[in-house]
Amino acid sequence: MPVAADRLARDIARIARCTHSPGGGASRPTFSPAWREACDHVVAEAIAAGCRTWTDAAGNIHLRPAALDPAARVWLSGSHLDSVPHGGDFDGVVGVVAALECLRAAHDEGRAIPLEAIIFAEEEGTTFGLGMLGSRGWAGTLDAAALAGLRNAAGDTYWEAGAPHGAQATRLATERLTPARYLGFLEAHIEQGPGLWAAGTPLAVVTGIAGRRQYAVTLGGAANHAGSTSMQDRRDALAGAAETIVAAETIAGRVGPRVVATVGRIEVQPGAVNVIPALARFTIDLRAPTDAEVAAADGLLREAVMAAATRRRLEAEIEETERLPAVALDAPLAARVQQAAGRLGIATLPETVSGALHDAAILAPFVPTVMLFVASRDGISHNPREFSRDDDVAAAAAVLYETVRNT
Ligand code: GLV
Ligand code: MN
Ligand code: MN
């Protein structure tokens, strides 16, 4: 078998050591030293396998066999190496090392396969407050000015932080993704849900990606004394937020079985033990497999915020910070992946829809795109306990290799 499971396992272990929280999971913000170290490992491996590498204007790193004609149409495959704070060792990493392994396997076999691997910059959205920045910048769905408005925890804009790594606003308009240059995009990724692991199935083919809306909600009340203000006289912004958070859970369950709503961040002012909260600012992340469900939940969430605000005499502001539609992936490419799996003796892969977002959702409107999921132990992800089996990761890489080399 040209794809080597032990080599992939070594990559994953090596990249896991690139973290700002040793012993506490993967903390690899985009453009940080740990992220750079992880990218450098992949770049060095690709160069040793006869590739040339470059960084596009949006900060994505490309790896392509030097022997290929630069004008040749190729498959694109990869994912991301940035992580959420204290994340796991497999999210994004699996898709990058699977594509890398295909390049190495081809090199070992003396073949020039039509494949370009890619490391997308800033998929997670936790470094600059918005996700999939590298793929959006490259695809042209986010322009240089929008990226200039995003800052990391150090206060640096995307362009300031990305400059030492090759990202450059002035090249963005001319270095866009040219769809005609690619046969399609294949992203291997861990499932991040329990389905495959529970069924004892290593792989699935992904037919769609859920839509997502995100919001920043601000509720304004009045600071007052915690001891001398009666319960009726309060305008407690945090109590209004608490009501909304519980309502969001109920609404998600009511709209559909795969509709999910999460409040992951909340800030309270003045934030003192004996002061009624004057301000609560929190995020809502809403996702559903269909746009109709997203729209229905959106309406109910807005009503819930306004109802809590009215009842408690609070000012309310709802800012929509992101809107991404649900995406259907490419059926003919999914069939091609199934055929490749069949040639390897793998039974028909189950089909699934991804609740998590991926760079594949950004590329899908431009090039035929499909994803391959690898079983996640107990469905745990965005957590240091995230785990997938070496053999399952290798099976994904083997399916990828078989799909790409038979072009
Ligand atoms: C990416 O991990 C997402 O939030 O779906
Ligand atoms: Mn991911
Ligand atoms: Mn993630």
Members of the range 1-37 found to be out of contact with any Asp or Glu (no Cβ under 9 Å at 6 or more places or on another chain) and open to solvent by less than 10 Å² (accessible area, probe 1.4 Å), listed by number: 34
Options 254, 343, 258: the member that is more than 16 Å from ligand 3 (Cβ to nearest atom) and under 20 Å from the mean Cα position of the chain (by Cα): 258
Confirm whether residue 331 is farther than 30 Å from residue 247 by Cα, among the small types (Gly, Ala, Ser) and within 16 Å of ligand 2 (Cβ to nearest atom). no
Buried (at least 21 other Cβ atoms within 10 Å of the Cβ) and of a type outside the set (A, V, I, L, M, F, W, C): is that true of residue 195 in this structure? no
Of all residues in the range 264-287, count the ones that are open to solvent by 40 Å² or more (accessible area, probe 1.4 Å), assigned to a loop (DSSP other than H, G, I, E, B) and more than 16 Å from ligand 3 (Cβ to nearest atom). 5
Give me the residue from the range 346-373 that is over 17 Å from residue 74 (Cα atoms) and more than 15 Å from the chain's Cα centre (by Cα) and, out of that set, nearest to ligand 1 (Cβ to nearest atom). 352
Do we have any residue at all in the range 180-188 that's open to solvent by less than 10 Å² (accessible area, probe 1.4 Å), of a type in the set (Gly, Ala, Ser) and more than 16 Å from ligand 1 (Cβ to nearest atom)? yes
Quickly run through the range 67-81 and pick out the residues that are assigned to a loop (DSSP other than H, G, I, E, B) and away from ligand 1 (no atom under 16 Å from the Cβ). 67, 68, 69, 70, 71, 72, 73
Residue 63 fails exactly one of (1) more than 17 Å from residue 187 (Cα to Cα); (2) surrounded by 19 or more Cβ atoms within 10 Å (Cβ to Cβ); (3) more than 16 Å from ligand 1 (Cβ to nearest atom), namely (1)
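Yes/no matrix, rows are residues, columns are (1) touching an Asp or Glu at 6+ places or on another chain (Cβ under 8 Å); (2) more than 22 Å from residue 38 (Cβ to Cβ); (3) of a type in the set (A, V, I, L, M):
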site	(1), (2), (3)
96	no, no, yes
104	yes, no, no
113	no, yes, yes
130	yes, no, yes
134	yes, no, no
144	no, yes, yes
150	no, no, yes
170	no, yes, no
Hey, could you check the range 347-362 for residues that are assigned to a loop (DSSP other than H, G, I, E, B) and out of contact with any strand residue (DSSP E or B) (no Cβ under 7 Å at 6 or more places or on another chain) and say which is nearest to ligand 3 (Cβ to nearest atom)? 356
Would you please name the residue that is farthest from ligand 2 (Cβ to nearest atom), looking only at residues in the range 369-398 that are open to solvent by less than 30 Å² (accessible area, probe 1.4 Å) and of a type in the set (D, E, K, R)? 392
Mind checking whether some residue in the range 104-116 is closer than 21 Å to residue 179 by Cα and within 16 Å of ligand 1 (Cβ to nearest atom)? no
Could you go through the range 209-216 and let me know if any residue there is within 30 Å of residue 116 (Cβ to Cβ), touching a helix residue (DSSP H, G or I) at 6+ places or on another chain (Cβ under 6 Å) and assigned to a strand (DSSP E or B). yes
Those residues of the range 18-68 which are over 24 Å from residue 139 (Cβ atoms) and among the charged types (D, E, K, R) amount to 37, 40, 45
Kindly indicate whether any position in the range 336-354 is open to solvent by 10 Å² or more (accessible area, probe 1.4 Å) and touching a Lys or Arg at 6+ places or on another chain (Cβ under 9 Å). yes
Being in contact (Cβ under 8 Å) with a residue 40 or more places away in the chain and either within 19 Å of residue 8 (Cα to Cα) or within 16 Å of ligand 2 (Cβ to nearest atom) (or both): is that true of residue 72 here? no
Regarding residue 173, is this residue open to solvent by 50 Å² or more (accessible area, probe 1.4 Å), assigned to a loop (DSSP other than H, G, I, E, B) and more than 16 Å from ligand 1 (Cβ to nearest atom)? yes
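The values are calculated or read from the model by the stated rules, or taken from the named source; none is laboratory data. Worth saying up front: this structure is predicted, and the values here are computed from it rather than measured. Positions of Cβ are generated from backbone atoms using ideal geometry, with glycine treated the same way; all protein chains shown enter the neighbour counts. We work out accessible area using only protein heavy atoms, side chains counted, and drop any ligands, DNA or RNA first. Shrake-Rupley method; radii C 1.70, N 1.55, O 1.52, S 1.80 Å.
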